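To start, the structure itself, in C-alpha cells.
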C-alpha cells in the first residue's frame, strides 16, 4: 500500500496532543472519582490486595509483593508512586480512616520516611473489606480491561460511604488541583442519611449534623462562620490552629505551655520547623518567656513542651505562637473531583448527592444479582424436592439409560425411547416428566446421602428461606422507600462498628493579636563591620569587649529593640530596618549582611550615615552634599513605616556625603537686628601653616576675637566643611537654615572648579578636633570663623 502523507498545522497537532495528555492526567491519575473518592492508583492498590487475599484475618504480606502485583497488572507507572500510595493509605495521621494495616516502619507524623518496601508488610483493614471491597462478586460495578488487556479491573470500588469526605483527597493535575479535608465517619453517615430522608435539605442544615472537617491530628478550625460559604461553593480557606494547654508546674517544676494537637498542615517537616521558629523567637529576643523547648511526642500523642519563666504572659505568648509560627495555618479547600467523566468543583450537597445516587446504583445491581441467584436456587430446590418424591422412578430411568445425555433428555422432555424399564407403568410415568435443564443437572449431581429424611427436611427449609429472600429482594427492587431503608440500615451498621470520636474542635476563634511594638523595650548594641555584616550584642557583652568591638566594627551604638535603623545612602535615600529583624549574636559570631535585612543594596549605593530612629528623634539632621549644598532637616520627617524613601533632593551630578545629628533640638532665639560677630575662639597665634584666601563676604581684618562665654549666647555648634583640595570653612551652624527634606538646600561652601566636599565636622563649644590632611595637622578649633557660602582657608603644603 502506498504511503499517505497527511498535511496539517503543527499547532493543531500540539494542541490536540496536549489536551489528550492533560485529560489523561486529570481523569486517569491525579483526581479522585466522586463516587468512591479514590484516585486510580489508590483503587488499584486496594483491588490488588483484595485479589491477593490479604484479608484482615490473614497474615501480612511483603509490600514489595503488593507493589509488584499492582504495577504488573494494573498501574504501569513506576513502583515509587505505588509504594508511596500504600504508605499513605496506612498512615492514620493522614487519613480520617486508614485503609491498610501496615506492619513495620510506615513513617511518622514528624516527617520520617517509610522503610523500603522490601522491609515492610501490609494487609487490608476490616473496615476496608466491609466498606470498600464488599460485594465486588455481585456485579455491583463495571470492570474494564487493564493497560494490556490481560486482566480486568474495576472502574470504581463499591465504597459504601462518601470516601471523598471521610478520607479527603489531594492531587495536582494539569491546570487544576484538588484539596479536600477529612471528616468524621459517623457525622458523614448521619449527613448522608439526612439527605436520603430529605433531598431538599440545605447545606446549613447538613452542617448542623456534620459541623465541618475532622482532621486526624485534631487541632482547631478557627473560622466556623466561613464554613457555610466553603461548603456551598466547594472553595475557600480553613484557618487551622494547634491546641495549646497550660500546665502549672508542681514544686520546683516550671510552668509549661504544651502543644497537644497540631494543625493538619504541620504534618511532616512542619513540626521541626515549628520548633526551629520558636528557637528563633527566643534567640532574637522577640520573647523572653520561653526558657526551654522539647518534643516529648510518642505513640500516645503529640506533646511539644515549652517551659516558661516565672510570671510569663501566657496569653501574649499564645498569640505570638499563632502569629509567628505555623501553629496557625490555612488549609486551602478546593473540592474538585471527577463527576460523570469530567472534573467538577462540588459543594457538600453535590458530593453527598453523587454518593447517594451511587449507593442506589450499587443496591440495585447487588439485589438484582442476588435475586437472580435466588431464583436459580429456587428452581433447583423445587426440582430436587419434586425428585425426592419420585426418586424410585428416577433411579429406574438412570439404570435403564446408556448415557447421562439420555437421562437428562428424559427428565426434561419425557422422551423414553431406548430406555429399559422394569415396569411398564414406569415408562408411562417417565413420559410425563418435565424438569428444567438446571433441575435435571441438579438431579444428576444429587448424592444418595441427600435422600436421608433429615436432609429432605433441610431441603424443604432451605426452599422456604429462599422464597422469603426472593420476596425481600423483590420488595427492595420494587420500592424506592424499601431500598432507602435498606441502605440506611447498612450505613447505621457501619457507623455502629467503626465510628470514632470527633478530634477537631470547630469554633469562631478570636483573632490572634500580636503587636511587635508591644514588646518590653530592651537595650541592645547595634554593630556593623566594614564588610556590611550587622548584628546585635547584649550591652553587658559589649561593655566587657568594648575595645575589640570598637576596633573591629565601623558602626556601633546603643539602641532599643523596638527601634529602627536608618541607613542614609549617597544617592539621597534612607532605608529603614527594624532592629527586631537583626539577629542577636555573641561577640565572636558573624552577623548577617545588612543587604539581606531590608531594601538597601550595597551594589547600587553606598552608606553615608547609619543611626537609629531614637537617635534622631527631636533632633535636627545636617545634610551636606558633594557639591557643597547644605541644610538642616527635622528628624520627625523620617518617622514613617516606609522601608525606603527619599531623604533629600539632589541636584544634577550631586551626591550626599554627610548626614550628622546636631547636638541641640532648638537654636536659641536671637534678636532680628543682631549682627553675628565672626570670632576666633581660643586665640589666633598659631596659624603659620595656614594661608587665608580672601572670602566672599569680607576681609580677614573684619574678624574679631570673641570670648567663649559670648559664643554660648548665640550658637552651641560650629560647623567645619573640608574639601578634597584641602580647603576648610568654619562657620556657626546657626547660619544653616532648616528646610524640608524635599528641598535642595543652600550653598554651604564656594568650591573651586573640580573640587568637592570630602568631610564635614561638627564641634560643640569647648570641643576640639585635630585632623590630618596630607601630612599636616589641622586644629579645627583654631580655624578662623567665616560665613556660609564663602571659600574658606586652604592648608599650605
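Structure summary
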| item | result |
| --- | --- |
| Cα centroid of region 765-784 to Cα centroid of region 226-300, whole Å | 61 Å |
| Share of alpha-carbon pairs per 10 Å distance bin for region 482-596, given as whole % | 11, 29, 17, 8, 7, 8, 10, 8, 2, 0 |
| Rounded tilt (10° steps) of 404-413 against the dominant C-alpha axis of the chain | 80 degrees |
| Crossing angle, helix 185-197 versus the chain [Cα axis fit, 0-90 degrees, rounded to tens] | 60 degrees |
| Added length on full extension, which subtracts the Cα-Cα distance from 0.36 nm per residue, residue 530 to residue 56 | 163.7 nm |
| Gyration tensor over alpha-carbon atoms, region 243-326, equivalent ellipsoid semi-axes in Å | 19, 16, 11 |
| Mean shadow area of region 574-628 over all directions, Cα convex hull, nm² | 5.5 nm² |
| The chain, relative contact order in percent, only Cα pairs under 8 angstrom and at least six apart counted | 9 percent |
| Computed E for residue 661/residue 137 - FRET, C-beta separation, R0 51 angstrom, nearest 0.05 | 0.05 |
| Ratio of Rg to Rh over the chain (Cα coordinates, Kirkwood Rh, two decimals) | 1.27 |
| Label-point separation in nm, residue 10 to residue 472, each point 7 Å along Cα→Cβ | 6.9 nm |
| Using alpha-carbon coordinates, inclination of helix 269-283 to the longest axis of the chain, degrees | 20 degrees |
| Linear extension gain, residue 653 paired with residue 485, 0.36 nm per residue minus alpha-carbon span | 51.6 nm |
| Compactness of region 531-630 as Cα Rg over 2.2 N^0.38 Å, two decimals | 1.13 |
| Expected-Rg normalisation [2.2 N^0.38 Å, Cα atoms] applied to region 19-95 | 1.15 |
| Per-pair calculated FRET efficiency, R0 = 60 Å: residue 436 and residue 17 via Cβ, rounded to 0.05 | 0.60 |
| Region 344-427: C-alpha gyration tensor shape, a/c 1.5 cut-off, then a/b vs b/c | prolate |
| Sorted by Cβ neighbour density within 10 Å, fewest at the top, the residues 557, 531, 331 | 531, 557, 331 |
| Kirkwood hydrodynamic radius over Cα pairs of region 295-375, then Stokes diffusion coefficient at 25 °C and 0.890 mPa s, in µm²/s | 132 µm²/s |
| Volume per residue of the C-alpha convex hull in region 38-158, rounded to whole Å³ | 96 Å³ |
| FRET efficiency for residue 269 and residue 740, using Cβ-Cβ distance with R0 set to 60 Å, rounded to 0.05 | 0.70 |
| Cα→Cβ-extended label distance, 7 Å offset, between residue 643 and residue 194, nm | 4.7 nm |
| Three-way shape label, region 176-215, alpha-carbon gyration tensor, a/c 1.5 | prolate |
| Shape of region 711-773, Cα gyration tensor, a/c cut at 1.5 | oblate |
| Region 372-478: proportion of alpha-carbon pairs further apart than 23 angstrom, % | 34 percent |
| Segment residue 547-residue 283, length gained on full extension (0.36 nm per residue, minus Cα span) | 92.5 nm |
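FYI, it's all coordinate maths here, none of it is from the lab. The model shown is predicted, which means the values in this text are computed figures rather than measured ones. FYI the Cβ positions are ideal-geometry reconstructions off the backbone, even for glycines, and counts take in every protein chain you see.
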